[in-house]
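The values are calculated or read from the model by the stated rules, or taken from the named source; none is laboratory data. Predicted model only: the values in this text are computed from it and were never measured. Note: ideal-geometry Cβ built from the backbone for every residue, glycine included; neighbour counts use all protein chains shown.
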Amino acid sequence: MSAPRFVAYETGGAREWMLARGPAENVARLLILQPLFEEMNRTRALLADLQRGLADAGIASFLVDLPGTGESERALETVRFIDWRRAAQDAAVAVGAIDGVVALRGGCLLDDAIAAPRWRLSPVAGAAVVRDLERETGETRVPLAGYAADAALIAALSGAVPLGAARTIRLNAGEADRLIGASPPWRRSEPVRDAALAAALVDDIAGWLGR
């Protein structure tokens, strides 16, 4: 089994990064689009366990850092929503032939930019992402958690919804192909491991891929 490794991709004239895990050759390959903003931080433990579980199942995965997030050197206030969509496309091109896109929460707003089968965990509309990000102070919306997002990014995100067909998994309730009983990690104040949830997601993804 190959060790975790960073893989570069080019987008918008800059180099960005993906965390790759799993076998390097002759395996299914998945691109993973993370939740946005603070939900990305809260799901770190789940994403780590998910990638490890996929690797153990012989599935390679590539976890994308979008411009202005994660290991990116680009300032978030310079990023537009279209930049994230193009970055998702460019990351897929850098990986090469992919068997599918796995998207979580706000990442599901970007996966339709990629021509590949889609698997989604608890997709959410952009307006809900914005509501969680901001608080009201009089007539001024103030970003929470120190995210200095550009007004155009917030405006575009507010009108975005998940598009296209996808296998959809939700936790506990809602319209979905499958419901899994678990505490949503993106609602916790700190990243918390949930081995049972990660294992259930790995099994579902492997079945979706026909493995």
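General observations
- Among the residues of this structure, residue 67 counts as one that is in contact with a Lys or Arg (Cβ under 8 Å, 6 or more places away or on another chain), touching a residue at least 12 places away in the same chain (Cβ under 8 Å) and at negative phi.
- Among the residues of segment 5-55, those that are without any contact (Cβ under 8 Å) to a residue 24 or more places away in the chain and of a type outside the set (S, T, N, Q) comprise 5, 13, 15, 25, 48.
- Within segment 20-29, the presence of at least one residue that is touching a Lys or Arg at 6+ places or on another chain (Cβ under 9 Å), outside any loop (DSSP other than H, G, I, E, B) and among the aliphatic types (A, V, I, L, M) is confirmed.
- The set of residues in segment 156-200 being among the charged types (D, E, K, R), closer than 25 Å to residue 84 by Cβ and either loosely packed, with under 11 Cβ neighbours inside 10 Å or in contact with a helix residue (DSSP H, G or I) (Cβ under 8 Å, 6 or more places away or on another chain) (or both) consists of 167, 187, 188.
- Checking the stated criteria, residue 76 turns out not to satisfy the condition of being closer than 21 Å to residue 126 by Cβ, out of contact with any Cys (no Cβ under 6 Å at 6 or more places or on another chain) and surrounded by 20 or more Cβ atoms within 10 Å (Cβ to Cβ).
- Count of segment 30-53 residues which are part of a strand (DSSP E or B) and out of contact with any helix residue (DSSP H, G or I) (no Cβ under 8 Å at 6 or more places or on another chain): 0
- Segments classed as helices (runs of 4 or more DSSP H), wholly inside segment 92-211, with at least 2 members that are of a type in the set (D, E, K, R), modelled with pLDDT of 95 or more and touching a Ser or Thr at 6+ places or on another chain (Cβ under 6 Å): none
- Hits in segment 7-52 - residues which are more than 28 Å from residue 157 (Cα to Cα) and surrounded by fewer than 16 Cβ atoms within 10 Å (Cβ to Cβ): 23, 24, 25, 26
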